[in-house]
Amino acid sequence: MSRRDELATNLAATQERIAAACEAAGRSREEITLVVVTKTYPASDVEILAELGVTDVGENRHPEAGDKAAEVQAPVRWHFLGGLQTNKAGAVARYADVVHSVDRVKLVNALSRGAVAAGRTLTCLVQVDFDSTDPGRAGVVPAGIDEIADAIAGAEGLELGGVMTVAPLGEDPAPHFAHLAELSAQLQRRHPSATIISAGMSGDFEAAVAAGATHLRIGRSVLGERPSTG
Ligand SMILES: *Cc1c(COP(=O)(O)O)cnc(C)c1O
């Protein structure tokens with residue numbers, strides 16, 4: 001099978017799963033954006049996916065993400081999903097359209113400076129972490145959301161898009177996704193346009209759709225299993 005046929009088959013199967021999850025949840029497919037996570041896969045895969053109708057792709061590492069964004073000709077939106085060092089924020093601001101992993105005010109300020117310098121507007125999501133047992137994980141605790149959201153909303157070159165989470169490994173994701181949806185509703189009382197709920201990956205996106213996610217970040221289901229370093 002050619003890579004194009006393989007991606008087309010996987011993408012169609014994934015779209016069917018998304019459609020079924022929407023139907024089960026009584027939601028419209030139009031409420032949901034599929035972000036195909038292309039990390040560790042080449043720019044040529046992004047080109048094929050764009051030809052197959054994919055409009056949004058996700059990457060989690062700089063500079064790999066920037067190199068790929070520079071190489072790809074197709075007009076896709078680039079989502080940055082990974083932990084981001086402050087000193088790399090300016091570079092990421094030059095190519096990312098949406099940054100899902102904003103979890104501290106210092107990073108907000110660095111992204112703002114980078115966006116202004118590049119003459120661009122970045123949509124930023126507050127990454128929320130529900131796993132208090134692992135201090136190494138990215139994201140803020142729920143009580144920290146407002147400070148970061150307010151900083152994004154007030155920063156030049158940035159727009160507050162909403163919230164994002166990665167469900168804790170090995171736990172039922174459903175209660176965490178429900179909690180994120182509650183926190184999103186609270187946030188939207190302060191910031192009505194912050195409607196994005198980024199939740200759900202290959203292994204758990206049905207639960208995310210059921211809980212109200214607007215953006216699914218799906219890699220392996222479309223591209224195949226990554227080598228273990230991914
Ligand atoms: C890799 C990654 C994904 C996609 O995960 P899959 O299991 O490949 O679907 C989603 N979100 C983040 C933050 C990631 O790093």
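Just so you know, all these numbers are worked out from the coordinates, no wet-lab data involved. Because the structure is predicted, anything quoted here is derived from the model rather than measured. Here the Cβ positions follow ideal geometry from the backbone for every residue, glycine too, while neighbour counts run over all protein chains shown.
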Estimated 222 nm signal from helices in the chain, with DSSP H stretches of n ≥ 4 weighted -39500 (n - 2.57), rounded to 500: -12500 deg cm²/dmol
Computed P(r) (all Cα pairs; the range 107-186; 5 Å bins; percent): 3, 15, 24, 21, 15, 12, 7, 3, 0
Protection-proxy order for peptides 83-94, 16-27, each taking the mean of Cβ atoms within 10 Å per residue, highest first: 83-94, 16-27
Fewest-first ranking of Val141, Val36, using other Cβ atoms within 10 Å as the exposure measure: Val141, Val36
Helix runs (DSSP H) in the chain reaching 15 Å along axis by Cα, Kyte-Doolittle at least -0.5: 3-25, 105-118, 174-190
Burial ranking of peptide ranges 185-197, 114-126, 68-80 (average Cβ count within 10 Å, highest at the top): 114-126, 68-80, 185-197
Between the range 84-108 and the range 117-131, the Cα center-to-center distance that results, in Å: 6
Cβ-based exposure ranking for Asp134, Asp129, in which fewest neighbours within 10 Å come first: Asp134, Asp129
The chain: C-alpha gyration tensor shape, a/c 1.5 cut-off, then a/b vs b/c: oblate
Coordinate range along principal axes, alpha carbons of the range 141-223, Å, largest first: 37, 26, 19
Gain upon complete extension [Ala24, Asn109; 0.36 nm per residue less C-alpha separation]: 26.5 nm
Within the chain: Cβ-based charge dipole about Cα centre, in debye rounded to nearest 20 (Lys, Arg +1; Asp, Glu -1): 540
